[in-house]
1. Between Lys275 and Glu331, what FRET efficiency comes out of the Förster formula 1/(1 + (r/R0)^6) with R0 = 25 Å and r the beta carbon distance, rounded to 0.05?
2. Which of the aspartates and glutamates could a cross-linker bridge to Lys45, judged by Cα under 20 Å and excluding same-chain residues fewer than eight apart?
3. Between Ser312 and Asp162, what is the label-to-label distance in nm when each label sits 7 Å out along the Cα-to-Cβ direction?
4. Based on C-alpha coordinates, I'd like the Rg and Dmax of region 21-342, in Å.
5. On a 23 Å Cα-Cα criterion, which of the cross-link pairs Lys85/Lys334; Lys46/Lys262; Lys24/Lys276; Lys24/Lys334; Lys46/Lys85 come out too long?
6. Label Ala54 and Arg12 with points 7 Å out from Cα along Cα→Cβ: what is the distance between them in nm?
7. Where does each of 83-91, 101-109 land if you order them by average Cβ count within 10 Å, highest first?
8. How many nm separate the modelled label positions at Leu4 and Leu344, each set 7 Å beyond the Cα in the direction of the Cβ?
Amino acid sequence: MTSLADLLQKGRAGTDAFIARLPKAELHLHIEGSLEPEMMIAKAKKHGIQLPYANVEALRAAYNFSNLQQFLDLYYAGADVLRDKDDFYDLTRAYLQRAKADHVVHCEIFFDPQTHTARGIDLEVVVTGIVEALHDGEAELGITWRLIPNFLRHLSEQDAIDTLAELEPYMEHFHGFGLDSSEVGNPPSKFARVFAEIRSRGLPVVAHAGEEGPPEYIIEALDILHVARIDHGIRAIEDPALTSRLARGQIPLTVCPLSNVKLCAVPSLAAHPLKKLLDAGCLVTINSDDPAYFGGYVGENYRAIAAALDLSNQDLKMLAAMSFRGSWLHETQKARHLATIDQL
Ligand code: ADE
Ligand code: ZN
């Protein structure tokens with residue numbers, strides 16, 4: 001006789017197979033957050049850097065966070081092994097290979113220029129390493145891309161303005177700008193001038209908001225920074241008027257379920273507000289944020305949240321479709337991906 005457990009297992013396997021077949025766009029991925037422990041240790045060895053961890057297991061064991069700041073401290077320290085162009089190339093290439101395995105066909109990638117300039121790394125090294133890997137990935141793996149520098153919000157607005165000036169020679173490679181790092185105490189309004197300057201050049205902007213910070217930060221990101229998307233945005237669920245506004249405007253929320261659990265922004269995946277946001281009509285996408293630190297790439301995020309919230313294949317199709325609708329692809333490319341999803 002088939003047990004209930006067997007049936008559930010079969011159901012899960014079917015859902016996982018369906019997720020594997022869905023073409024996806026990933027819109028919230030920090031390339032520095034895809035630095036796997038194996039690569040961190042190899043790069044440390046290459047550059048003669050002494051890490052405070054003996055091996056991969058010790059490093060992974062340290063990935064236990066109670067909040068965003070604890071993670072950020074480790075993430076910025078880890079990024080110190082990225083020193084030359086090959087390092088940035090290898091990092092990006094490795095991410096694209098993982099993305100390909102998850103049937104990601106389009107990615108919009110963040111990097112943190114100030115994390116590298118603060119260590120004396122030339123932006124040419126950072127940008128050319130990432131961009132060459134993205135071009136090669138597009139040619140060889142068929143993954144289209146956009147690149148988005150993020151300003152670190154724990155630093156001053158002047159630092160962001162200076163960084164924008166340093167990025168000037170590479171602007172042709174960027175499709176928009178974003179805002180990340182320690183959220184609480186660093187509201188979007190702190191960056192009003194630099195974001196206005198970027199928008200005046202016709203580039204779209206995004207901002208992390210409502211990850212740990214209150215719904216008011218999401219409102220500031222909309223009203224003061226005029227963002228095209230909100231990164232995370234999960235705390236919008238606490239403010240019904242804001243949730244309705246996001247739904248009405250179809251402002252994409254780039255949600256990262258495993259990240260939210262790892263950083264204790266939600267108590268568990270089962271308590272994650274993703275389905276409530278979907279049911280309220282919001283445009284929600286599933287992303288991995290910093291997959292090397294949070295236990296999974298985009299496919300794992302889909303599988304885990306589908307299991308925890310009992311998402312149907314129809315829900316999953318809608319989420320994959322929203323990842324393209326929320327992307328910065330051209331309308332014709334969006335339509336092509338949406339048609340493929342429609343046929344599944
Ligand atoms: N930088 C990298 N990951 C981040 C996150 N989840 N929130 C804010 N800043 C980040
Ligand atoms: Zn993020």
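The values are calculated or read from the model by the stated rules, or taken from the named source; none is laboratory data. Keep in mind the model is a prediction, meaning the values are calculated, not measured. Don't worry about glycine lacking a Cβ; one is built from the backbone with ideal geometry, like all the others, and counts go over all protein chains shown. All accessible areas refer to the heavy atoms of the entire protein, side chains included, with ligands and DNA or RNA removed. Shrake-Rupley method; radii C 1.70, N 1.55, O 1.52, S 1.80 Å.
1. On the way: r = 28 Å, r/R0 = 1.13.
Efficiency at R0 = 25 Å is approximately 0.30.
2. Here the aspartates and glutamates satisfying the reach criterion relative to Lys45 are Glu32, Glu36, Glu57, Asp80, Asp84, Asp86, Asp87, Asp90.
3. Label-label distance for Ser312 and Asp162, simple model: 5.5 nm.
4. That works out to 18.3, 53 Å for Rg and Dmax.
5. On the way: Lys85/Lys334 32 Å; Lys46/Lys262 30 Å; Lys24/Lys276 21 Å; Lys24/Lys334 11 Å; Lys46/Lys85 13 Å.
Long pairs (Cα-Cα over 23 Å): Lys85/Lys334; Lys46/Lys262.
6. Simple spin-label model gives 3.4 nm for this pair.
7. 101-109, 83-91
8. Distance between the two pseudo-spin positions: 3.0 nm.
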